[in-house]
């Protein structure tokens, strides 16, 4: 028992003193209880805060959806060859988020249709992928896209090519000219380097291609077919041969290159033609930072982005060029418009 209550029982205690002592503990208890409740409430409010870390400049919670279709993205390739086909697009997310003031959501798929199906907004705001494949998908889905810029490779190139390959023990075929009597397996028509450009390359050697030549979506299927059909060759992208050998899918040295196709544009960035000019400028501002950031260059295996001249999105809206038409400088601003 504390001293206050002992003093209240003393001879000199007054009624007012004892009344104050009697009321003091309930008031103290009430005060402590109130402080406890306030503290718990504040703690609960703190726990309810979102755990997602946003860039401090984000002012719009609508996700900016990036459709990654780049075959050299680490999420779409195999992690077999250090420094090749290991592009880390997640490194680009905070740069885009800062420029746009919106959270960025990355999606990985070789199909534009898959991206549109998965998107929380029902649309994509930025597409990066192989030029011919992006254009073919956009045409099929009647999605209007405007070209923004090419992503270079580590040597600054923006193009790539396909190769004609035969089994290494095939001694008859040494050049493309030797393939006249061969069965040739092409890639998907959507991949121009493995179909349209390959057909054009054969034509320069006077080699006619059947109206409906055998095609394969997956390069490994075309390669395996070489060992089932005598006197046959396959057309695969150069990067695909590197990956097939590097990942051990086929024996290194098991295929021999007898020729190559012409160079075609490789990986590029696109945005919907409905994108406003301010967002286009912000996107380009973010992509422009790649060339000056060593970590970004290393993460994306590039020297930077080569942009088109002027505003392609506005040019597309005004000119309404048909699908597959080449516009702009050097014929490199290819677009798909509906």
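The values are calculated or read from the model by the stated rules, or taken from the named source; none is laboratory data. Keep in mind the model is a prediction, meaning the values are calculated, not measured. Glycine also receives a Cβ, built like all others from the backbone with ideal geometry; neighbour counts cover every protein chain displayed.
Results, tabulated for the structure shown:
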item	result
Those strands (runs of 3 or more DSSP E) lying entirely in region 96-162 with at least 1 residues over 20 Å from residue 301 (Cα atoms)	104-108, 145-151
Matching entry among 233, 288, 268 (being under 24 Å from residue 180 (Cα atoms) and at pLDDT 95 or above)	233
Hits in region 202-226 - residues which are touching a strand residue (DSSP E or B) at 6+ places or on another chain (Cβ under 8 Å) and within 17 Å of residue 259 (Cβ to Cβ)	202, 209, 213, 219, 222, 223, 226
Residue in region 293-300 that is buried (at least 19 other Cβ atoms within 10 Å of the Cβ), assigned by TED's automatic domain parsing to the domain that holds residue 182 and at pLDDT 95 or above present	no
Flag if residue 67 is on the phi < 0 side of the Ramachandran plot and surrounded by 23 or more Cβ atoms within 10 Å (Cβ to Cβ)	yes
Residue within region 229-240 that is assigned to a loop (DSSP other than H, G, I, E, B), crowded, with 17+ Cβ neighbours inside 10 Å and on the phi < 0 side of the Ramachandran plot present	no
Test: residue in region 221-233 that is in contact with a helix residue (DSSP H, G or I) (Cβ under 9 Å, 6 or more places away or on another chain) and closer than 23 Å to residue 81 by Cα	yes
Selection from region 196-224 of residues that are within 18 Å of residue 243 (Cβ to Cβ) and not in a loop (DSSP other than H, G, I, E, B)	216, 219, 220, 221, 222, 223, 224
Residue selected from region 79-95 under the condition part of a loop (DSSP other than H, G, I, E, B) and at pLDDT 95 or above, by the criterion surrounded by the most Cβ atoms within 10 Å (Cβ to Cβ)	92
Unique residue being in contact with a helix residue (DSSP H, G or I) (Cβ under 8 Å, 6 or more places away or on another chain) and within 19 Å of residue 130 (Cβ to Cβ) when the list is 273, 267	267
Count of region 160-173 residues which are surrounded by fewer than 20 Cβ atoms within 10 Å (Cβ to Cβ) and in contact with a strand residue (DSSP E or B) (Cβ under 6 Å, 6 or more places away or on another chain)	2
